[in-house]
Amino acid sequence: MNGVMDILEENKNGIKSICHFYASMSSVLSEEDVFQEVVYNVLKGFKRYEKRKDCKTSTWVYRVAINVSISLMRKENRATFSTLEEIPVESEICEDEIDKEGIEYLYSVIKNLDVEEQSLIFLYLDGKSYKEISEILGISVSNVGTRLQRVKSKLRKISNENL
């Protein structure tokens, strides 16, 4: 079990980032709730992953985190996120690199996307390569590029409508 604990520790920041993103889109789920569910599913699925090892460990962890997060959102009947009370902006990255208003605005625009588009843009904003995004979401690399262009256009359109 020690191996899985090391993997969780190595990927803790990425997991927390995903949990923060999805919890901020929900008025019901907390970041800690999502994090605990992700950790539980990583622990539960680790033996199966060890047998297959069909991708990098970090890719597998991101895939589990995103799938669990989406699943939790769907359980709360939030396939599209229509309400956004208050977006917490506590992450180190947000405060150090980007102003809070910019992050709040970005999240408010992203909430208009469907769940799959949100996952795609989240991974892109998190600095993942097209290849990594492809492996995490289970789509081709060229499809990542195509979908990202469409999502960016959609975000620009939504943003322009809000001005």
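Throughout, read-outs are computed from the coordinates displayed, never taken from laboratory work. Computed from a prediction, not measured in an experiment: that's the story for all the values here. Cβ coordinates were reconstructed from backbone atoms using ideal geometry, including for glycine residues, and neighbour counts include every protein chain displayed.
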What does the highest-first list of 124-130, 60-66 look like by mean Cβ count within 10 Å?
60-66, 124-130
Stretched out fully, how many nm does the piece from Ser142 to Ser159 gain, at 0.36 nm a residue minus the Cα gap?
3.6 nm
Which of the residue pairs Lys12/Lys131; Lys47/Lys111; Lys12/Lys44; Lys51/Lys75; Lys12/Lys47 have a Cα-Cα distance greater than 26 Å in the structure shown?
Lys47/Lys111; Lys51/Lys75
Find, among the chymotrypsin sites (Phe, Trp or Tyr not before Pro) in region 1-43, those assigned to loop by DSSP (not H, G, I, E, B) with at most 11 other beta-carbon atoms within 10 angstrom.
none
